[in-house]
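S.K.: Structure in structure tokens, see below.
The values are calculated or read from the model by the stated rules, or taken from the named source; none is laboratory data. Just so we're clear, the structure is a prediction, and the values are computed from it rather than from any experiment. With ideal geometry, Cβ positions are generated from the backbone for all residues, glycine too; neighbour counts draw on all protein chains shown. Remember, those area values only see protein heavy atoms, side chains included, never the ligands or the DNA or RNA. Shrake-Rupley method; radii C 1.70, N 1.55, O 1.52, S 1.80 Å.
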Amino acid sequence: MSKIELVLYDLKNQNEAVELYEIIKEYYPKSPYPPKVEKIMAGGVVYFRAFYEGEQIGMSGYDLKTPTLAETVKTTVFKDYRGKKLGKLLSQAIEDECKKLGIKKVMSTVYYFNHTMVAIKLKQGYTIEGYHPDHEAPGFHEYSLGKVLK
């Protein structure tokens, strides 16, 4: 299987920030707090388009928490590309991107209903470090997963 290519979003470009906002709004409709365009453009979180065999198949990003800790965010495989094991490749690609930066640990919060991503992360060596009931809103739960990189 080919590798995922990550292409950085230019978050100073309003068109790219709006595109990213629309993707997040579509793929995270249950989230009570999707970031607004202005917050995306303010920076802090690094976002990438994910390409596989020349086609954009999704997106992902990371938020640098400390010089050695990053949290992966908004890892999404577009609906037309699901069921093809691309989530696994995308999860690995963003982890590899963090390794290049010298990150020693990657964490991820995954919505409680996203069993597929929880399974992918566990197979990739992540451990469940916590369960957060009512994390973003009442009835909206998340798992925290972490992995020490070698």
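S.K.: Quick check on Glu55: is it free of Cβ contacts under 8 Å to residues at least 40 places away in the same chain, open to solvent by 70 Å² or more (accessible area, probe 1.4 Å) and not small (Gly, Ala, Ser)?
M.R.: Criteria met by Glu55.
S.K.: Looking only at segment 3-30, count how many residues are polar (S, T, N, Q) and out of contact with any helix residue (DSSP H, G or I) (no Cβ under 8 Å at 6 or more places or on another chain).
M.R.: Count: 2.
S.K.: Of the numbered conditions (1) small (Gly, Ala, Ser); (2) closer than 25 Å to Glu136 by Cα; (3) over 13 Å from the mean Cα position of the chain (by Cα), Gly54 fails exactly one; give the number of that condition.
M.R.: (2)
S.K.: Which count do you get for residues in segment 58-72 that are farther than 13 Å from Gly102 by Cα and open to solvent by less than 10 Å² (accessible area, probe 1.4 Å)?
M.R.: Looking only at that region, the number is 5.
S.K.: Right, another one. Here's a check for you: in segment 66-88, which residue that is within 25 Å of Glu19 (Cα to Cα), part of a strand (DSSP E or B) and not hydrophobic (A, V, I, L, M, F, W, C) is farthest from the chain's Cα centre (by Cα)?
M.R.: This residue is Glu71.
S.K.: Related question: If you check Ser31, Ser60, Ser91, which single one turns out to be under 22 Å from Leu145 (Cβ atoms), within 15 Å of the chain's Cα centre (by Cα) and in a helix (DSSP H, G or I)?
M.R.: Ser91
S.K.: For Pro29, only one of the following conditions fails: (1) without any contact (Cβ under 8 Å) to a residue 24 or more places away in the chain; (2) open to solvent by less than 50 Å² (accessible area, probe 1.4 Å). What is its number?
M.R.: (2)
S.K.: For residues that are more than 27 Å from Lys84 (Cα to Cα) and of a type in the set (A, V, I, L, M), scanning just segment 99-144, find the one that is most open to solvent (accessible area, probe 1.4 Å).
M.R.: Here the residue is Leu101.
S.K.: I've got another one for you. Considering only segment 37-52, state which residues are farther than 15 Å from Val73 by Cα and modelled with pLDDT under 95.
M.R.: Val37, Glu38, Met41, Ala42
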